[in-house]
Amino acid sequence: MLVIRHDEVRDILHGAEDAVLDLVRDTYREHDAGETVVPHSTFLRFPGESANRIIGLPAFVGGDQPVAGIKWVASFPGNLGKGLPRASATIVLNSMDTGRPVAFMEGAQISAARTAASAAVAARTLTGPDPVRSIAVIGCGLINLEVLRFLPDVTELTLFDLSRERAEEFGERARALLPGLGVRVAATAAEAVAAAGVVSLATTAVEPHLTLDGARPGTVVLHLSLRDLTPETVLAARNVVDDVDHVLRERTSPHLAEQATGDRAFVHATLGGLLRGTATLPGGDSPIIFSPFGLGALDLALARYVFQQAVARGSGLAVEAFQQPA
């Protein structure tokens with residue numbers, strides 16, 4: 001079994017943005033074509049706590065190089081106050097011949113990269129042919145910084161975070177990532193929503209707190225944290241998801257909208273369907289909300305890429321984890 005550590009994953013993903021974007025697009029298409037198996041995520045929660053959780057995402061991705069495995073990702077928002085990342089993760093890949101684990105790798109960077117790349121693919125798909133030049137970011141953490149990494153044409157950035165200090169620090173990191181970037185810190189989330197045609201939400205919110213009042217016509221909202229928008233806001237928008245059955249659960253904003261109406265008619269398309277041309281969005285000036293629950297198939301596809309690159313480079317630590325045949 002190959003153990004692939006944090007620094008090795010980082011080195012493999014560094015500079016591989018185009019490859020990751022292509023991989024994410026292809027995996028969404030495969031999912032729409034029925035070439036993946038993605039069981040519902042398993043949520044491990046703890047008595048007396050509403051914020052902390054650990055999630056298991058098993059998946060299978062078919063094609064020429066099929067892969068199966070699981071991501072085990074912990075979200076502990078209190079880590080931010082300790083100077084630690086909110087999320088940590090590991091990924092196990094299993095052999096399709098024997099079922100034995102062939103790789104065990106640090107997964108937080110893979111998780112962040114696939115989340116950000118999926119947001120970038122959605123932004124590019126939903127905004128039309130022109131590059132995304134202006135974006136507003138609500139929630140100044142790792143995920144939104146990664147989103148910027150996959151949208152290199154952005155020249156104007158508006159920020160909002162409950163901590164202005166964190167927003168200003170984020171702005172400095174964003175300028176280092178995208179030289180020449182214009183950065184402005186908004187006083188309120190509503191001000192940020194109105195500032196750009198693309199809005200990325202990646203917060204630690206557990207209950208809806210935000211509307212899109214004041215948003216520009218046709219604003220594309222990357223609702224990565226899933227619980228920011230009120231059900232009424234979701235129902236008034238054009239809605240795109242990664243998988244309908246997955247996103248309409250666990251009290252996400254779309255799930256609350258379903259509970260309020262009793263049906264799913266407000267979900268208009270999946271991203272894979274739009275990419276394959278099997279789905280379309282209605283016209284109009286209402287906002288477009290992309291709500292990705294986060295498919296384990298994306299994690300597994302990207303982990304497969306990392307594993308293959310590690311083998312090709314001779315990186316990682318090979319360990320004898322199982323008894324060998326006599």
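Across the stretch 61-75, coupling constants 3J(HN,Hα) worked out from phi with the 6.51/-1.76/1.60 Karplus curve, θ = phi - 60°, read 10, x, x, 5, 10, x, 9, 9, x, 8, 9, 10, 10, 9, 10 Hz, and Gly and Pro carry x.
When each of the peptides 228-234, 172-178, 316-322, 99-105 is scored by the mean number of other C-beta atoms lying within 10 Å of its residues, the order from highest to lowest reads 228-234, 99-105, 172-178, 316-322.
Convex hull volume of the Cα atoms of the stretch 278-326, normalised per residue: 194 Å³.
The per residue volume of the convex hull around the alpha-carbon atoms of the chain is 147 Å³. Summed over qualifying helices (DSSP H, 4 residues or more, each -39500 (n - 2.57)) and divided by its residue number, the chain shows a 222 nm mean residue ellipticity of -10000 deg cm²/dmol.
Working note: Cα atoms of the stretch 1-112, range along each principal axis, descending, whole Å: 44, 32, 29. Applying 1/(1 + (r/R0)^6) with R0 = 25 Å to the Cβ-Cβ distance of Ala279 and Glu35, what FRET efficiency is obtained, to the nearest 0.05? So, using R0 = 25 Å, E works out to roughly 0.90. For Asp26 and Glu172, the difference between the fully extended length at 0.36 nm per residue and the C-alpha to C-alpha distance is 49.2 nm. Among the protein heavy atoms of the chain, carbon and sulfur supply 52% of the accessible surface, probe 1.4 Å, non-protein parts ignored. Charge tally around Val234: other residues with Cβ under 12 Å, Lys/Arg +1 each, Asp/Glu -1 each, net 0. Rounded to the nearest whole Hz, the Karplus-based 3J(HN,Hα) values (6.51 cos²θ - 1.76 cosθ + 1.60, θ = phi - 60°) of the stretch 5-13 follow the sequence 8, 3, 5, 6, 4, 4, 5, 5, 7, with x at glycine and proline.
Rolling a 1.4 Å probe over the protein heavy atoms gives the chain an accessible area of 44 Å² per residue. Taking the DSSP beta bridges with both ends in the chain, the antiparallel portion is around 50 percent. When every Cα-Cα distance of the stretch 110-217 is counted in 5 angstrom steps from zero, the calculated P(r) takes the values 2, 13, 24, 27, 22, 10, 2, 0 percent. For the pair the stretch 120-147 / the stretch 81-102, the C-alpha centres are spaced 26 Å from each other. Converting phi to 3J(HN,Hα) with the Karplus coefficients 6.51, -1.76 and 1.60 and the offset θ = phi - 60°, the stretch 271-281 yields 5, x, x, 5, 5, 8, x, 8, 9, 9, 9 Hz in sequence order, with x at every glycine or proline.
The values are calculated or read from the model by the stated rules, or taken from the named source; none is laboratory data. This structure is a prediction, so every number in the text was calculated from the model and none was measured. Please note: Cβ atoms are built from the backbone with ideal geometry, for glycine as well, and neighbour counts cover all protein chains shown. To get the accessible areas, we keep the full protein, side chains included, count just its heavy atoms, and leave off ligands, DNA and RNA. Shrake-Rupley method; radii C 1.70, N 1.55, O 1.52, S 1.80 Å.
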